[in-house]
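The values are calculated or read from the model by the stated rules, or taken from the named source; none is laboratory data. Quantities reported herein were computed from a predicted structural model and do not represent experimental measurements. Using ideal geometry, Cβ is built from the backbone for each residue, glycine included, and neighbour counts are taken over all protein chains shown.
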Amino acid sequence: MQHIGFIMDGNRRWAKKLGNIPSYGHEKGGESIDRVIEMCLHAGVSHVSLWALSKENVSERSEDELSAIYGLVRRKIPKLIDLCQKESIRFQTVGDIWLLPADVRTLLLEAIDATSHGEKMTFILAL
């Protein structure tokens, strides 16, 4: 299989349905990323795209929710770098990362650079 895409949608609604705050849903969704990447890698998928955040999400979410999402990205990207380097996966982004806080943007650019020699698969985070 050449390319498979995943849309991480509904985490916020799922959390609210359980009586939790939206960030609970985002955290749980974030926990599944490693498993998705590893399953795709072992299935021989060459490119995996994961839609995580839209321009509308950035402009329409509350500051508290955005803060939680950016915190998740700050915690998750270093772990993804480790996984990508270990498994020879190239990390890429698509979208306007200039809408993101400077430190988050820097983390993403560092991840791209640190994994640029990955050959087994390309993981694309759509933001």
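Scan segment 69-80 and give yes if some residue there is in contact with a strand residue (DSSP E or B) (Cβ under 7 Å, 6 or more places away or on another chain), under 24 Å from GLN2 (Cβ atoms), free of Cβ contacts under 8 Å to residues at least 40 places away in the same chain and not acidic (Asp, Glu), otherwise no. Let's see the steps before the verdict.
Step one: of segment 69-80, the residues in contact with a strand residue (DSSP E or B) (Cβ under 7 Å, 6 or more places away or on another chain) are 80.
Adding the requirement that they be under 24 Å from GLN2 (Cβ atoms) leaves 80.
When the remaining residues are screened for being free of Cβ contacts under 8 Å to residues at least 40 places away in the same chain, the result is none.
There is no residue in segment 69-80 that is in contact with a strand residue (DSSP E or B) (Cβ under 7 Å, 6 or more places away or on another chain), under 24 Å from GLN2 (Cβ atoms), free of Cβ contacts under 8 Å to residues at least 40 places away in the same chain and not acidic (Asp, Glu).
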(message) Out of THR93, THR115, I need the residue that is touching a helix residue (DSSP H, G or I) at 6+ places or on another chain (Cβ under 6 Å) and either among the acidic types (Asp, Glu) or crowded, with 19+ Cβ neighbours inside 10 Å (or both). Which one?
(response) THR115
(request) Being farther than 27 Å from CYS84 by Cβ and loosely packed, with under 11 Cβ neighbours inside 10 Å is the filter; apply it to segment 19-63 and report the residue that is modelled with the highest pLDDT. (result) GLU63
(message) Residues that are out of contact with any Leu (no Cβ under 9 Å at 6 or more places or on another chain), touching a residue at least 12 places away in the same chain (Cβ under 8 Å), within 14 Å of MET8 (Cβ to Cβ) and not in a strand (DSSP E or B): does segment 85-100 have at least one?
(response) no
(request) Restrict the check to segment 68-78 and report whether at least one residue is modelled with pLDDT under 90 and not in a helix (DSSP H, G or I). (result) no
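For segment 101-126, enumerate the residues that are of a type outside the set (Val, Ile, Thr) and in a loop (DSSP other than H, G, I, E, B).
Narrowing segment 101-126 to residues of a type outside the set (Val, Ile, Thr): 101-103, 105, 107-111, 113-114, 116-121, 123, 125-126.
Result: PRO101, SER116, HIS117, GLY118, GLU119, LYS120.
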